[in-house]
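Let me begin by presenting the structure, written as C-alpha coordinates, before commenting on it.
The values are calculated or read from the model by the stated rules, or taken from the named source; none is laboratory data. What you are looking at is a predicted structure, and each value in this text was computed from that prediction instead of being measured. Glycine also receives a Cβ, built like all others from the backbone with ideal geometry; neighbour counts cover every protein chain displayed. Ligands, DNA and RNA are excluded from the accessible area calculation, which covers all protein heavy atoms including side chains. Shrake-Rupley method; radii C 1.70, N 1.55, O 1.52, S 1.80 Å.
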Amino acid sequence: QVQLVESGGGLVQAGGSLRLSCAASGRTFSTYTMGWFRQAPGKEREFVAAVGWTLSYADSVKGRFTISRDNAKNTVYLQMNSLKPEDTAVYYCAAVSGRGQVRDSRLYDYWGQGTQVTVSS
(Lines give C-alpha, C1' and ligand atoms only; values in the text may rest on other atoms or scores of the structure.)
Protein backbone atom coordinates (compact mmCIF):
# COMPACT_ATOMS: atom_id res chain seq x y z
CA GLN A 1 0.00 0.00 0.00
CA VAL A 2 2.84 2.38 0.88
CA GLN A 3 6.39 2.23 -0.43
CA LEU A 4 9.21 4.32 1.02
CA VAL A 5 12.63 5.11 -0.45
CA GLU A 6 15.30 6.98 1.52
CA SER A 7 18.15 9.00 0.05
CA GLY A 8 20.71 11.59 1.10
CA GLY A 9 23.00 9.59 3.35
CA GLY A 10 26.76 9.80 3.13
CA LEU A 11 30.03 10.60 4.88
CA VAL A 12 30.41 13.90 6.72
CA GLN A 13 32.80 15.33 9.30
CA ALA A 14 31.66 16.10 12.82
CA GLY A 15 29.88 19.44 12.92
CA GLY A 16 28.65 19.10 9.35
CA SER A 17 25.16 18.68 7.95
CA LEU A 18 23.14 16.28 5.83
CA ARG A 19 19.56 16.26 4.62
CA LEU A 20 17.80 12.92 4.27
CA SER A 21 14.77 12.49 2.04
CA CYS A 22 12.06 9.85 2.05
CA ALA A 23 9.83 9.56 -1.00
CA ALA A 24 6.49 7.84 -0.41
CA SER A 25 4.02 6.28 -2.82
CA GLY A 26 0.27 6.77 -2.81
CA ARG A 27 -2.14 9.70 -2.57
CA THR A 28 -2.87 9.42 1.17
CA PHE A 29 0.54 10.61 2.36
CA SER A 30 -0.89 13.53 4.33
CA THR A 31 -2.92 11.21 6.60
CA TYR A 32 0.12 9.20 7.75
CA THR A 33 2.50 9.78 10.60
CA MET A 34 6.02 9.68 9.19
CA GLY A 35 8.99 8.77 11.33
CA TRP A 36 12.75 8.49 11.17
CA PHE A 37 14.61 5.77 13.07
CA ARG A 38 18.26 4.80 13.15
CA GLN A 39 20.30 1.73 13.99
CA ALA A 40 24.01 1.67 14.71
CA PRO A 41 26.12 -1.51 14.59
CA GLY A 42 25.53 -3.62 17.68
CA LYS A 43 22.68 -1.41 18.91
CA GLU A 44 18.89 -1.59 18.76
CA ARG A 45 16.86 0.56 16.43
CA GLU A 46 15.97 3.87 18.07
CA PHE A 47 13.50 6.66 17.45
CA VAL A 48 14.83 9.88 15.94
CA ALA A 49 11.90 12.07 14.89
CA ALA A 50 8.30 11.95 13.69
CA VAL A 51 5.75 14.27 12.14
CA GLY A 52 1.98 13.85 12.35
CA TRP A 53 -0.22 16.61 13.76
CA THR A 54 2.88 17.90 15.54
CA LEU A 55 6.62 17.23 15.65
CA SER A 56 8.44 14.85 17.98
CA TYR A 57 12.18 14.41 18.52
CA ALA A 58 14.44 12.15 20.52
CA ASP A 59 16.26 14.05 23.25
CA SER A 60 19.59 13.14 21.65
CA VAL A 61 18.79 15.06 18.45
CA LYS A 62 16.48 17.84 19.66
CA GLY A 63 17.83 21.22 18.61
CA ARG A 64 20.07 19.70 15.93
CA PHE A 65 17.68 17.76 13.66
CA THR A 66 14.52 19.01 11.97
CA ILE A 67 11.82 16.83 10.44
CA SER A 68 9.51 18.29 7.81
CA ARG A 69 7.14 17.11 5.11
CA ASP A 70 6.00 18.28 1.70
CA ASN A 71 2.64 16.66 1.08
CA ALA A 72 2.51 17.87 -2.52
CA LYS A 73 5.71 15.92 -3.22
CA ASN A 74 4.87 12.94 -0.96
CA THR A 75 8.22 13.47 0.72
CA VAL A 76 9.47 13.75 4.29
CA TYR A 77 12.86 15.22 5.16
CA LEU A 78 15.30 15.02 8.03
CA GLN A 79 17.67 17.98 8.19
CA MET A 80 20.64 17.00 10.36
CA ASN A 81 22.94 19.74 11.62
CA SER A 82 25.87 19.74 14.05
CA LEU A 83 26.41 16.06 13.40
CA LYS A 84 28.33 13.98 15.92
CA PRO A 85 30.15 10.65 15.51
CA GLU A 86 27.46 9.02 17.66
CA ASP A 87 24.92 9.91 14.96
CA THR A 88 26.55 7.31 12.72
CA ALA A 89 23.90 4.73 11.81
CA VAL A 90 21.62 3.43 9.12
CA TYR A 91 18.65 5.77 9.00
CA TYR A 92 15.21 4.38 8.17
CA CYS A 93 12.03 6.12 7.10
CA ALA A 94 8.76 4.63 8.37
CA ALA A 95 5.03 5.28 8.05
CA VAL A 96 1.85 4.43 9.96
CA SER A 97 -1.74 5.48 9.25
CA GLY A 98 -3.12 8.28 11.37
CA ARG A 99 -1.40 11.33 12.78
CA GLY A 100 -0.65 10.31 16.35
CA GLN A 101 2.95 10.75 17.43
CA VAL A 102 4.63 7.35 17.38
CA ARG A 103 8.02 6.62 18.94
CA ASP A 104 7.84 2.81 19.03
CA SER A 105 9.19 1.23 15.85
CA ARG A 106 6.94 -1.80 16.36
CA LEU A 107 3.87 0.34 15.65
CA TYR A 108 4.95 1.36 12.14
CA ASP A 109 3.57 -0.59 9.20
CA TYR A 110 5.83 0.49 6.35
CA TRP A 111 9.61 0.86 6.15
CA GLY A 112 12.22 1.98 3.68
CA GLN A 113 15.46 0.09 3.11
CA GLY A 114 17.62 2.60 4.95
CA THR A 115 20.43 4.99 4.08
CA GLN A 116 23.87 5.01 5.71
CA VAL A 117 25.05 8.10 7.59
CA THR A 118 28.66 8.13 8.74
CA VAL A 119 30.08 10.99 10.82
CA SER A 120 33.85 11.11 11.22
CA SER A 121 35.61 12.72 14.18
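Going by the conditions given, is THR54 touching a helix residue (DSSP H, G or I) at 6+ places or on another chain (Cβ under 9 Å) and over 24 Å from GLY15 (Cα atoms)?
No: the conditions fail for THR54.
Which one of SER68, SER7 is within 11 Å of the chain's Cα centre (by Cα), open to solvent by 10 Å² or more (accessible area, probe 1.4 Å) and within 15 Å of GLN101 (Cα to Cα)?
SER68
Looking at region 81-121 only, could you name the residues that are aliphatic (A, V, I, L, M), at pLDDT below 95 and in contact with a helix residue (DSSP H, G or I) (Cβ under 7 Å, 6 or more places away or on another chain)?
VAL96
Could you grab me the full set of residues in region 65-121 that are closer than 25 Å to GLY26 by Cα and of a type in the set (Lys, Arg)?
ARG69, LYS73, ARG99, ARG103, ARG106
Provide a single number: the residues in region 11-64 that are hydrophobic (A, V, I, L, M, F, W, C) and more than 10 Å from the chain's Cα centre (by Cα).
Here the count works out to 12.
Exactly one condition in (1) open to solvent by 10 Å² or more (accessible area, probe 1.4 Å); (2) under 15 Å from GLU6 (Cβ atoms) is not met by ARG103; state its number.
(2)
Filter region 10-28 down to the residues that are of a type outside the set (D, E, K, R) and not in a strand (DSSP E or B), then identify the one that is least open to solvent (accessible area, probe 1.4 Å).
Checked region 10-28; the qualifying residue least open to solvent (accessible area, probe 1.4 Å) is GLY16.
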